[in-house]
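**Q** Right, I'll just put the structure down here and ask away after.
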Amino acid sequence: MPPFPPVSGSVTDGIVGAVQVGTIEAPSVTTSMAVVFAIIGLAVVFFILQPIPLDVTALLVIVVLVLLGQWTTISPVDGISGFASEATITVLMMFILSEGIRRVGAVQLLVELLIAISGRNHRRQLGSLVGLSGLAAGFVNNTPVVALMIPVVGELADRTGVSPSRLLIPLSFAAMLGGTLTLIGTSTNLLASAIISHPEYLGRPFSMFEFTPLGVLVLVAGASYLVIASPHLIPERIPAHEEQHALPEFEMELAVPADSPIIGRRIREILDWIGGEQEVTSLLVRGRRRIVPSPDRRIASDDVLVVRGDVDTVLAAAETTGLEPVLAENAPDEQRVVAEVIVAPDGDHVGSRIFDVPFVRTEDVDVLAMRRGSMSATRRLEDRPLRGGDTLLVLASRDALTRLGRDRNVIVAYEYTRPTYRREKLPVAVGIMIGVVGLAAFDLVPILISSIAGAVAMVATGVLASEEIYDAVDWSVIVLLAGLIPLGMAMEATGAATFLATHAVVLTAGLGVGLVLALTYLFTALLTELLTNNASVVLMIPVAFDVAVLLGADPYAFLLAVVFACSTPFLSPVGYQTNLMVYGPGGYAFTDFARVGIGLQLLLTVVTTGGIMLIWGV
């Protein structure tokens with residue numbers, strides 16, 4: 001793509017009090033700019049401190065922009081335009097398509113193949129894991145990819161004697177890198193595509209595989225770094241052979257149904273049958289607890305055994321012996337399941353005590369244990385305030401777990417029950433996904449239309465039930481996307497983006513265009529650590545575009561640098577959702593991500609900007 005022609009004084013038309021610096025004018029702040037900068041500052045503070053949820057902050061931004069429309073130029077129609085944006089609707093459809101792929105077990109089949117081919121060689125395990133998660137994340141949202149692979153990493157680590165801590169950060173980072181492969185790899189790509197299609201930018205969206213060559217280069221470079229360097233940088237926080245999901249022992253009440261094969265057996269026989277280090281600490285007979293029952297006591301129908309042990313073994317005992325976890329009173333007909341739930345760092349539960357959290361107060365959710373980094377606790381949980389990234393081990397009914405899956409304040413990271421997949425629908429789901437990508441890739445129909453058609457096909461063919469499509473969507477992401485689009489419009493319309501770009505050019509005067517491109521990438525990546533990736537792309541696209549115009553460089557190159565930088569927040573567990581998902585299961589310290597991420601961030605600064613210059617030029 002040829003570079004855009006350089007722009008001279010026209011970029012500062014209407015700006016009062018500009019000061020000449022070399023051949024570029026450094027504009028002064030107008031009232032309209034000051035208003036927009038104040039709104040941006042308020043939004044950034046709210047994004048960092050999170051006194052209210054991120055999506056609510058985005059809605060607040062819309063309200064303020066419209067109320068101050070005299071200065072921001074944003075009308076009510078402009079304010080809600082994000083909800084009708086192609087990016088917003090396409091992201092919504094992609095959530096549904098990803099859920100269809102998940103429901104048929106496509107990713108799980110690939111994971112089983114990984115276990116079969118990787119063997120006990122750690123480098124091969126790491127390479128296979130990074131390659132698989134990276135490639136899958138190019139076509140399926142990276143969050144479900146990581147969610148499905150976390151338990152697989154545990155199984156792989158347990159079988160081969162490798163610490164799961166060695167594998168989980170590379171898993172998360174690779175999934176993030178994979179999002180750069182295609183237009184549908186991340187919501188950020190789609191949002192950026194919608195923004196640049198406006199006439200004041202490129203006037204057209206990205207195509208499906210437009211930046212795939214650069215994405216492949218980034219994935220290969222990043223994967224190589226992870227395979228070579230991460231074994232030397234990641235501490236073994238969880239010792240080898242210790243399952244990453246194994247929390248300290250806890251007690252679970254297991255009821256003896258009328259048809260159980262253990263009726264009439266002695267307790268000592270049950271313990272021999274179960275194996276391991278489990279013990280029956282007490283027994284409930286028709287609602288009364290008998291402390292420390294005799295090992296020779298025989299089990300009767302309707303007894304309730306209180307069994308202490310690790311999660312997997314107790315659940316295996318229940319399955320093997322026909323015992324049933326005791327149900328909550330308000331959910332008598334549902335089997336309860338054990339799951340790990342992570343407290344979202346931007347959620348409302350941070351700072352609350354465990355038993356003050358609304359879902360914990362309900363009768364069908366019980367907290368069995370808590371883990372914070374490598375530290376675990378099972379007692380006096382009521383006195384512990386929650387922090388972002390804390391992992392709660394809960395016992396919940398299926399309905400309650402479904403509700404938790406829709407709760408933006410937590411992430412259901414792992415269930416200790418084997419999920420059921422609609423394997424018979426696998427060819428259909430894969431075919432639909434190929435059709436969606438193919439139609440868009442060959443420009444037969446826009447990605448918006450092909451994704452809507454694909455979502456309809458998922459329901460029409462029975463891959464998804466109609467009620468499942470609503471649960472598949474992360475509505476907080478949709479609202480966040482829609483709420484931030486008008487902010488970018490205001491930055492451009494008021495000249496705020498030009499102001500920032502001009503001063504950035506002045507500050508980097510004398511540096512080569514390539515170095516300015518690299519600094520733009522690095523600054524955007526660091527900004528993404530503080531904000532969300534979608535907020536960063538909205539704020540930085542107008543600035544990066546104007547920087548390129550002022551330098552007489554190709555704006556396309558600078559836009560690509562911003563898009564790729566927003567997919568690489570490697571320095572902390574709260575920089576990206578997949579990092580948060582592996583934080584607890586890996587037993588990591590907060591700084592472990594930076595140990596690996598600093599080198600990777602610097603490497604990709606060079607690789608990405610160098611790749612842009614090599615493939616498209618500046």
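**Q** Amide H to amide H, which residues 5 or more places from V162 or on other chains are under 5 Å from it, using H placed in the peptide plane?
**A** H241
**Q** Hey, another quick one. What order, most packed first, do the peptides 598-607, 257-266, 580-589 have when packing is the mean number of other Cβ atoms within 10 Å of each residue?
**A** Per-residue mean Cβ counts within 10 Å order the peptides as 580-589, 598-607, 257-266.
**Q** Next question. Tell me which residues come under 5 Å, amide H to amide H, from D303 once H is placed; ignore anything under 5 positions away on its chain.
**A** Those qualifying (amide H under 5 Å, at least 5 residues apart or on another chain) are V256.
**Q** Show me the GluC sites (Glu not before Pro) within the stretch 467-511 that DSSP assigns to loop and that have at most 11 other Cβ atoms within 10 Å of their Cβ.
**A** Passing sites in the stretch 467-511 are E467.
**Q** Taking Cα centroids, how far is the stretch 598-614 from the stretch 172-222 in Å?
**A** The stretch 598-614 and the stretch 172-222 have Cα centres separated by 15 Å.
No value in this document is a laboratory result; all are computed from the given coordinates. Note that the structure is a prediction, hence the values are computed from the model and not measured. Backbone-built Cβ (ideal geometry, glycine too); neighbour counts: all protein chains shown.
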